[in-house]
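As structure tokens, the structure follows; a few thoughts come after it.
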Amino acid sequence: MASIIDGKAISLAIKEELKKKVRELKEKGVRINLAVIQVGDNPASAVYVRNKKKGCEYIGIGSLSYELDKETTQEELLDLIRELNAREDVNGILVQLPLPSHIDEDTVIRAIDPKKDVDGFHPQSVGALCIGQPGFVSCTPAGVIQLLKRSGIQIEGKECVVLGRSNIVGKPMSILLLRENATVTIAHSRTRNLKEVTGRADILIAAVGRPKMITRDYVKAGAVVIDVGINRDENNKLCGDVDFDDVAPICSAITPVPGGVGPMTVAMLLYNCVASVTIGQSGAIS
Ligand code: NDP
């Protein structure tokens with residue numbers, strides 16, 4: 001049976017480290033504020049925003065909350081971002097996605113000052129990641145690296161397969177694994193012989209958004225399996241992209257859903273907020 005990678009415990013350890021750092025900064029007169037913008041009333045977004053604000057409170061940083069009506073125009077949202085870009089007391093700006101369909105997400109992401117881009121979605125942050133320069137790293141993939149490292153799982157030299165190529169998970173995930181000297185394959189919906197490809201992985205990262213798609217026939221015996229997916233199963237119960245009960249008996253380590261990657265995303269957002277004032281735009285913790 002696999003060992004279960006406990007994202008809750010690891011994220012708590014990171015938050016405790018950050019809490020200490022925030023306390024030290026406060027003693028030097030440095031205060032950190034994150035601006036969180038939500039447009040409309042998507043219930044899942046409301047939960048994510050609440051967790052992020054709770055995280056800020058826990059480590060002792062301020063959060064400024066902007067809950068905007070779903071009819072808010074793109075120009076009104078951009079005006080708010082420009083105002084927050086200019087404010088010296090605001091260190092990070094987070095716009096919760098998805099946005100209503102009349103607002104162009106790319107335009108909004110580009111409007112955020114890269115120095116305050118704590119989500120790591122701005123093209124400048126993504127470019128910096130690709131060429132190994134300092135910059136904010138997208139929180140979920142950064143969290144996966146921390147889960148692996150803090151569980152004592154070696155990444156260097158391993159065959160890693162990332163299933164999914166989205167801009168916020170799959171692509172940055174593969175770059176981060178490459179940075180850790182893994183041999184990386186990215187698989188997606190057009191990949192042929194998918195089971196053969198994923199079956200080569202020493203470390204398999206599933207980020208497809210398909211409930212319980214990954215059964216044991218996709219997984220090499222003894223592999224490490226990281227499940228990024230957050231889905232609902234046929235009984236409306238939260239589940240990942242991996243069929244946990246089927247895969248856990250044959251792999252060496254696995255993340256549960258919930259309690260695996262999810263809590264790490266918030267921890268890494270908080271890390272990015274603190275990094276914005278301590279060490280510039282540092283990216284992931286080494
Ligand atoms: P996207 O829908 O943007 O991307 C899904 C990717 O999976 C695409 O690259 C797609 O390929 C690929 N894919 C879809 N179906 C298949 C298939 N049958 N076979 C092979 N590849 C397939 O999703 P995200 O990356 O945004 O999110 C992925 C999952 O992670 C979701 O469940 C999401 O909720 C979760 N998530 C969790 C977070 C957390 O904090 N834990 C944070 C962010 C996301 P193609 O490009 O060819 O279409």
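Each value in this text was obtained by applying a stated rule to the coordinates, not by laboratory testing. Predicted, not measured: the structure shown is a model, and the values here were computed from it. Cβ: placed from backbone, ideal geometry, glycine included. Neighbour counts: every protein chain shown.
Quick check on my link table: of 15/54; 158/220; 15/158; 70/116; 53/171, which ones sit more than 22 Å apart, alpha carbon to alpha carbon?
Where the Cα-Cα span goes over 22 Å, the pairs concerned are 15/158; 70/116; 53/171.
Where in the stretch 25-89 are there trypsin sites (Lys or Arg not before Pro) that are in a DSSP coil and have at most 15 other Cβ atoms within 10 angstrom of their Cβ?
Passing sites in the stretch 25-89 are 28, 31, 70, 87.
Compute the distance in nm between two label points, each set 7 Å from the Cα along the Cα-to-Cβ direction, one at residue 28 and one at residue 178.
Calculated label separation equals 3.4 nm.
Can you compute the modelled spin-label distance between residue 188 and residue 89, with each label point 7 Å from Cα toward Cβ, in nm?
Between residue 188 and residue 89, the simple spin-label model gives 4.4 nm.
With r as the distance between the Cβ atoms of residue 238 and residue 196 and R0 = 30 Å, compute the FRET efficiency 1/(1 + (r/R0)^6) and round to 0.05.
Once the sixth-power term is evaluated, E becomes 0.50.
Please work out the FRET efficiency for the pair residue 45 and residue 133, using the Cβ-Cβ distance as r and a Förster radius of 30 Å; give the result to the nearest 0.05.
Working from the Cβ atoms, E equals 0.45.
Quick one: helix 43-59 against the long Cα principal axis of the chain, what's the angle to the nearest 10°, folded into 0 to 90?
Result, in degrees: 70.
With a cap of 11 neighbouring Cβ atoms within 10 Å, and only residues DSSP puts in a loop, list the GluC sites (Glu not before Pro) found in the stretch 1-97.
Within the stretch 1-97, the qualifying GluC sites (Glu not before Pro) (loop, at most 11 other Cβ atoms within 10 Å) are 71, 88.
Would you list, by chain and number, the aspartates and glutamates whose Cα falls below 20 Å from the Cα of residue 26, excluding same-chain residues fewer than 8 positions away?
16, 17, 57, 88, 89
According to the square roots a ≥ b ≥ c of the eigenvalues of the Cα gyration tensor, what is the shape class of the stretch 1-79, taking rounded for a/c under 1.5, prolate for a/b larger than b/c otherwise, and oblate for the remainder?
Since a/c reaches 1.5 but b/c is at least a/b, the shape of the stretch 1-79 is classed as oblate.
What angle do you read, to the nearest 10 degrees and between 0 and 90, between the alpha-carbon axis of helix 139-150 and the longest principal axis of the chain?
Around 50 degrees separate the two axes.
Give, as ranges by residue number, the residues of the stretch 44-61 whose backbone N falls under 19 Å from the point 7 Å along Cα→Cβ of residue 101.
Residues 44-45 qualify, since their backbone N sits under 19 Å from the label point.
Let me understand the chain better: what is its radius of gyration from the alpha carbons, and its Dmax, in angstrom?
18.8, 57
Listing 159, 234, 180 from the residue with the fewest other Cβ atoms within 10 Å to the one with the most, what is the order?
Fewest-to-most Cβ neighbours within 10 Å comes out as 234, 159, 180.
Hey, got a sec? Which trypsin sites (Lys or Arg not before Pro) in the stretch 121-228 land in a DSSP loop and have at most 11 other Cβ atoms within 10 Å?
Here the sparse-neighbourhood loop sites are 190, 192.
Going Cα to Cα from residue 20, which lysines come in below 16 Å? Please leave out same-chain ones fewer than 8 positions away.
Partners within reach: 28.
Using a 7 Å offset from the Cα along the Cα-to-Cβ direction at both residue 217 and residue 73, what is the distance between the two label points in nm, to one decimal?
Spacing of the two 7 Å Cα→Cβ label points: 5.5 nm.
Suppose we keep just the DSSP beta bridges with both residues in the chain; what percent of those would be antiparallel, to 5?
5
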